[in-house]
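Below: the structure, in structure tokens.
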Amino acid sequence: HHDVVIVGAGHAGVNLAAYLSKGGYQGSVALLSNETILPYKRPPLSKGFLLDAEPLESLPLRTAEYWAASPVDLQLGVEVLEVRPDEQTVVTASGRELTYGRLVWAAGGRARSLPLPGATLPGVHQVRTLDDVLALKQELPRASRAVFVGGGYIGLETAAAFRGLGLDVTVIEAAGRVLERVTSAEISEYFHRVHREAGVDIRLGATVKEFTERDGRVASVVLGDGEVPADVVVVGIGLVPNIDILAAAGASCSNGIEVDELCRTSLPAVSAIGDCTSQLNPYAPDRRMRLESVQNANEQAKVVASDLLGRPAASGEVPKFWSDQYHIKLKTAGLIAGHDQMVVRGDPGSGVFSVLYLSAGRLVAIDSVNNPVDFAKGSALIKQRAQIAPEVLADSAQPLQETGL
Ligand code: FAD
């Protein structure tokens, strides 16, 4: 028996375990991971680690010494297959039963796969786990033509890294613009232009029909209107949240496991945090959202730690995300869902600018490109739900500050 059983040792599960230890939690905590290596950071997998700028040793979220000294019982290679909420028990793949006082589901998600002929051929990859990226890196010495299916952040970051390594890169995107699901047309156009100028061939509105094979490996990607030769393919078409086991146990789920503001699920004594959850967000009223970001995983971990420690939850942080591509550091704060006005601040052509989003005159989100000052000020103003005249926002000679209307 453990007072707390955490399933999944990604950013959410590890941060929760760390906050509990730091907060002096007196109960016993087990942290179960179905991966067999020390819990690690995912963002570098499509950025510095791929480019060899960040070594393998920098990836663990906490060192082996940290875990050795921690009161948390980290168990690697343990997969939970079933949750029995009536008995407050989880069942592992090896048939072990562990009882819990509180279960925290922090199982993240898995890369969405393409149900198409040839999608499982050697040479077709995804980018979610360290193993995925180690396998991808092994291909690089003999690959010269890479095709990316999906123009989301992870696909574009990986594409930028591959260009940096000198490969020919084609990006196949089914939608009318890259990053369509996650950002505004202004930011999409900026990234499209940067990738095009870097020599990436971006095909929009393109559908993949199948992958062809030669000598037991992928040889090309067949589109609705043509074929692109490929030595290596990366499929980056989004995440499937790991909700099935908790859904089977009876938890209310939609696009994710539905949690309240304390990250409690509809099951008694079961919380959920991180990429697998769907929550109403104070920065996008009346909308349940599933946020895939390190910051969300971390904030939700904080909320559950406070809940377990019997302290008031410090919530209400502005959602944040970042992406690194080539020389570009994009930082975003707030949520663009529901904005009714958009203001560009600075010149996108200069490579330093921001896009600000307003709803009923209040600042709700900012995307900053290579502009950490505007990002910091913008984030604070979003938290204040500041009213700012659009002409002030647009004038990069004036500091970002509240003006009223
Ligand atoms: P995960 O990190 O997915 O961890 C869940 C863990 O649970 C996994 O180890 C999984 O194997 C394990 N698990 C699942 N099911 C079970 C089970 N049944 N039993 C036991 N263990 C189980 N976010 C940003 O904010 N900025 C970025 O720049 C950024 N870049 C990214 C780049 C890449 C390549 C990827 C993949 C993600 C990136 N993200 C980024 C997203 C960020 O990594 C995720 O939001 C974050 O990892 C979510 O943490 P999590 O703990 O919810 O899930």
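Table: residues versus (1) free of Cβ contacts under 8 Å to residues at least 60 places away in the same chain; (2) open to solvent by 10 Å² or more (accessible area, probe 1.4 Å); (3) of a type in the set (D, E, K, R); (4) part of a helix (DSSP H, G or I).
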residue: Arg345; (1), (2), (3), (4): yes, no, yes, no
residue: Leu358; (1), (2), (3), (4): yes, no, no, no
residue: Asp367; (1), (2), (3), (4): no, no, yes, no
residue: Ala380; (1), (2), (3), (4): yes, yes, no, yes
residue: Gln398; (1), (2), (3), (4): yes, yes, no, no
residue: Gln401; (1), (2), (3), (4): yes, yes, no, no
- line: Only unsatisfied item for Pro312, checking (1) in a loop (DSSP other than H, G, I, E, B); (2) over 20 Å from Leu16 (Cα atoms); (3) more than 17 Å from the chain's Cα centre (by Cα), is (2)
query: Restricting the range 179-191 to residues that are within 16 Å of the ligand (Cβ to nearest atom) and without any contact (Cβ under 8 Å) to a residue 40 or more places away in the chain, which is nearest to the chain's Cα centre (by Cα)?
result: Val182
- request: Kindly check whether there is at least one residue in the range 30-44 that is in a loop (DSSP other than H, G, I, E, B), over 19 Å from Glu292 (Cβ atoms) and of a type in the set (Asp, Glu).
  value: no
- prompt: Out of all the residues in the range 26-38, which are crowded, with 22+ Cβ neighbours inside 10 Å and more than 7 Å from the ligand (Cβ to nearest atom)?
  reply: Val29, Leu31
- prompt: Looking only at the range 238-264, which residues are among the β-branched types (Val, Ile, Thr), open to solvent by 20 Å² or more (accessible area, probe 1.4 Å) and not in a helix (DSSP H, G or I)?
  reply: Val240, Ile243
- line: The one condition Gly150 fails out of (1) surrounded by 22 or more Cβ atoms within 10 Å (Cβ to Cβ); (2) more than 23 Å from Val222 (Cβ to Cβ); (3) out of contact with any Phe, Trp or Tyr (no Cβ under 9 Å at 6 or more places or on another chain) is (2)
task: Considering (1) crowded, with 22+ Cβ neighbours inside 10 Å; (2) more than 16 Å from the ligand (Cβ to nearest atom), say which one Ser315 fails and leave the rest.
output: (1)
- prompt: Does the range 56-70 contain at least one residue that is surrounded by 13 or more Cβ atoms within 10 Å (Cβ to Cβ), within 12 Å of the ligand (Cβ to nearest atom) and not in a helix (DSSP H, G or I)?
  reply: yes
- prompt: Is it the case that Ala9 is open to solvent by 10 Å² or more (accessible area, probe 1.4 Å) and within 27 Å of Gly150 (Cβ to Cβ)?
  reply: yes
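Residue-by-condition table, conditions (1) within 12 Å of the ligand (Cβ to nearest atom); (2) over 17 Å from the mean Cα position of the chain (by Cα); (3) under 21 Å from Val127 (Cα atoms):
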site	(1), (2), (3)
Val221	no, yes, yes
Glu227	no, yes, no
Pro241	yes, no, yes
Cys263	yes, yes, no
Ser278	no, no, no
Asn281	no, no, no
Arg287	no, yes, no
Gln300	yes, no, no
Val303	no, yes, no
- prompt: Assuming Ile154 fulfils every condition listed in (1) within 16 Å of the ligand (Cβ to nearest atom); (2) at pLDDT 95 or above; (3) aliphatic (A, V, I, L, M) apart from one, which condition is it?
  reply: (2)
- request: For Arg128, state whether it is open to solvent by 30 Å² or more (accessible area, probe 1.4 Å), in contact with a strand residue (DSSP E or B) (Cβ under 8 Å, 6 or more places away or on another chain) and within 28 Å of Leu50 (Cβ to Cβ).
  value: yes
Flag if Leu134 is within 14 Å of the ligand (Cβ to nearest atom), farther than 30 Å from Ala247 by Cβ and surrounded by fewer than 17 Cβ atoms within 10 Å (Cβ to Cβ): yes
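The values are calculated or read from the model by the stated rules, or taken from the named source; none is laboratory data. Quantities reported herein were computed from a predicted structural model and do not represent experimental measurements. Virtual Cβ from ideal backbone geometry, glycine too; neighbours counted across all protein chains shown. All accessible areas refer to the heavy atoms of the entire protein, side chains included, with ligands and DNA or RNA removed. Shrake-Rupley method; radii C 1.70, N 1.55, O 1.52, S 1.80 Å.
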